[in-house]
2 protein chains.
Amino acid sequence: MTETPLDLTLDAARLTAQLVDFPSESGTEKPLADAIEGALRALPHLTVDRHGNNVVARTRLGRAERVILAGHIDTVPIADNVPSRLDEDGVLWGCGTCDMKSGVAVQLRIAATVPEPNRDVTFVFYDNEEVAAHLNGLGHVAEAHPDWLKGDFAVLLEPSDGQVEGGCQGTLRVLLKTRGERAHSARGWMGSNAIHTAAPVLARLASYEPRHPVIDGLEYREGLNAVGISGGVAGNVIPDECVVTVNFRYAPDRTEDEALAHVHEVFADCGVEEFVVDDHSGAAMPGLSHPAAAAFIAAVGGTPQPKYGWTDVARFSALGVPAVNYGPGNPHLAHRRDERVETAKILAGEERLRSWLTTS
Amino acid sequence: MTETPLDLTLDAARLTAQLVDFPSESGTEKPLADAIEGALRALPHLTVDRHGNNVVARTRLGRAERVILAGHIDTVPIADNVPSRLDEDGVLWGCGTCDMKSGVAVQLRIAATVPEPNRDVTFVFYDNEEVAAHLNGLGHVAEAHPDWLKGDFAVLLEPSDGQVEGGCQGTLRVLLKTRGERAHSARGWMGSNAIHTAAPVLARLASYEPRHPVIDGLEYREGLNAVGISGGVAGNVIPDECVVTVNFRYAPDRTEDEALAHVHEVFADCGVEEFVVDDHSGAAMPGLSHPAAAAFIAAVGGTPQPKYGWTDVARFSALGVPAVNYGPGNPHLAHRRDERVETAKILAGEERLRSWLTTS
């Protein structure tokens, strides 16, 4: 593991390579967090705070708006793909090139090279994004120091292939339980079959028509799916329970309570005896109508897309900060042995963010 | 474990107690099989054969009819309920009292005390009935020595509470598989959901109307039930397979092929991609119209009942021997820690079988 300090005078592509060669699988981020903290503390225009292996740096220029640039510094386990390798086509290969050390490099370059941005900027570098949600460093900072995360708009530099992906849909998982009465299957009429009782649940799922609401100009696509079903006691027993696990992906115009109420409503009169919430993460509004967001879109170009999957932008949304994903990596290449990023896209991302934060 | 030889001069109730006190959990039947073989070889009117721990004894009187009395000599594991205990109400408690050493005692008493029956009689004592079907001693004898099991009619002395239970229903277990295509549940429209595809299967099961056919005067009750369902890859993945395990219990007027064809027909056009037969044991005709059976019914009295569950009578049926269950135990007390049998019923059973085999 290199002890070389980070060199923020490198361009974002070379800095990405340096970050990739500084391994930081989830749980082992401390040396990289130390290096990032050290590099930022050398910049006199920033105030730097640290919580665990999470580093937050801020300009304090008294601007009317404050925006956040955030990224996680951990990677999935290395798969024989470190150190990084730059090929003749300008593609940088290695663990974290895409998800998301290229984004972190862009953050660091903006921090180093834009001492007087047109909006106050907060830079957030956090750990443990690739593992269980309760370990997530952004969540820990939000809980311990919510004031560090105040802002009008946030950009998460997760891989989005250089496109703006706005907000994110919520995800609710509910166990729908039907009940019956056990009996020997040779005398099935003496019991009642919980799997048969679940028939209307599957019928309702099969005929469900999801909404495609347009929010802040983005068309979201909801979905309600069974992601699991289980029932059965033995090959000769009428089963007394069946559990259908449904996953409701919902657009950010529903609150968590409304999403749960919708699931109850969809399966009313379907013979469900018990609804158990297994997992719930709320949606995030894209916030594209905010002036800081509108300026961002104008600066980075392209047509914003809705984000269907749940991401950490929802943590910002929960704090009242609308957020988008915007990073140079191609999301389909994340977590792969052949993970890679086009260096031209890293440089383009750096330039667009600089433009947003410097154009008057 | 007692080494006392069996005393066939005891009445069937006392002999039951002696058999219960001679432990013979499945797989450990050899000492009891040895004792039974020894006791039978002492009877000059019987020819005795042995295959493994299965003992077959036959009269060879040249009668026009041959009937079979069969029983298994193993028990489920003992549960602190051996040795046996006779209470003041004449109830004998202990492992195997009901299932089915009381029946075996009746067989042994008939073997010992009816040297010249009006029909030739074959006595079958077999092992490993309480465990996996491929271990079943009756099946092993049927395969190795089918001639030992020839006959016009068979009585299996399994617990039936002193009632004749005719034939048995078949049991067919089939896996019905539906298929889809995996996708992230945040983008469910990019896949297809195999659990939703199974909706018509459950609807068909829920609305299925089983037959109640009358055969040889006995009303059977068919049943078609899901006994298991499973599907799901992960909490955020559209599942690409769902398996519904159905159990069809069918009356003995259907062959195995007809039963399977019926299942295919019921679930035609339900989206099932694959039918996999998981288990299949054919039904057994009660054969009550045979003269030997009619005489048996007349001798033992009562109204014959259909047998819903699958039993070893089907092994006889497969050999062309119609069969019934008729034993002194109450089937609901089998395999319980408080297993027991009324000794009066053992003696009554012995007398009724003796009457059948001695009345001219």
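What follows draws every value from the coordinates through simple rules; no lab data is involved. All values reported here derive from a predicted model rather than from experimental measurement. Using ideal geometry, Cβ is built from the backbone for each residue, glycine included, and neighbour counts are taken over all protein chains shown.
What the table below lists for this structure:
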quantity	calculated
Taking B:Ser207, B:Ser24 and counting other C-beta atoms within 10 Å, the order from fewest to most	B:Ser207, B:Ser24
Neighbour-count order for A:Val124, B:Val272, fewest beta carbons within 10 angstrom listed first	B:Val272, A:Val124
Vicinal HN-Hα couplings computed from phi for the stretch A:9-25 (Karplus, 6.51 cos²θ - 1.76 cosθ + 1.60; Hz; Gly/Pro x)	8, 5, 6, 5, 6, 5, 5, 4, 4, 5, 5, 5, 7, 10, x, 8, 4
Against the rule of thumb 2.2 N^0.38 Å, how large the Cα Rg of the stretch B:170-281 comes out	1.24
Highest-first arrangement of B:157-167, A:298-308, where packing means the average Cβ count within 10 Å	B:157-167, A:298-308
Residues B:Val233 and B:Val276, FRET efficiency given R0 of 30 Å [Cβ-Cβ distance, rounded to 0.05]	0.90
Sum of side-chain charges, B:Gly166 neighbourhood, beta-carbon under 9 Å (Lys, Arg +1; Asp, Glu -1)	-1
Mean-position separation - Cα centroids, the stretch A:66-118 and the stretch B:286-315, in angstrom	81
Extension gain, B:Ala268 back to B:Glu209 (0.36 nm per residue minus Cα-Cα distance, nm)	19.6 nm
Per-residue ³J(HN,Hα) for the stretch B:195-202, Karplus 6.51 cos²θ - 1.76 cosθ + 1.60, θ = phi - 60°, Hz, x for Gly and Pro	6, 4, 4, 7, 3, x, 5, 5
For B:His140, B:His332, order by how many other beta-carbon atoms lie within 10 Å, fewest first	B:His332, B:His140
Peptide-level mean, for B:238-251, of C-beta atoms on other protein chains within 10 Å	3
Among B:Ala295, B:Ala132, B:Ala33: highest mean-square fluctuation, GNM of chain B, C-alpha pairs under 10 Å	B:Ala132
Exercise: per-residue mean of other protein chain Cβ atoms within 10 Å, A:190-199	5
Mean Cβ count within 10 Å, highest first, over the residues of peptides B:339-348, B:242-251, A:93-102, B:40-49	A:93-102, B:242-251, B:339-348, B:40-49
Span from the the stretch A:171-238 Cα centroid across to the the stretch A:319-360 one, whole angstrom	40
Volume per residue that the Cα convex hull of chain A spans, once the total is divided by residue count, Å³	153
Reachable lysines from B:Lys30, criterion Cα separation under 29 angstrom, eight or more residues apart if same chain	B:Lys101, B:Lys150, B:Lys345
Highest-fluctuation residue, A:Asn54, A:Asn325, A:Asn118 considered, GNM on chain A with Cα pairs under 10 Å	A:Asn118
Net +/- balance of residues flanking A:Arg254 in space, Cβ distance below 10 Å, scoring K and R +1, D and E -1	-4
Restricting the stretch A:182-269 to GluC sites (Glu not before Pro) in coil, as DSSP defines it, with at most 11 other Cβ within 10 Å	none
MRE, 222 nm, helices only [DSSP H, n ≥ 4, -39500 (n - 2.57), over the protein assembly as shown, to nearest 500]	-8000 deg cm²/dmol
Per-residue HN-Hα couplings for the stretch B:143-156 [Karplus 6.51, -1.76, 1.60; θ = phi - 60°; Hz; x = Gly/Pro]	7, 7, 9, x, 5, 5, 9, 5, x, 9, 6, 10, 10, 9
Hull shadow area, averaged, the protein assembly as shown [alpha-carbon convex hull, nm²]	39.9
Relative contact order (%) - the stretch A:170-281, alpha-carbon pairs under 8 angstrom, separation at least six	44
Spin-label model distance (nm) - B:Arg179 vs A:His184, 7 Å beyond Cα toward Cβ	3.8
Partner chain coverage, peptide A:204-210 - average Cβ within 10 angstrom	3
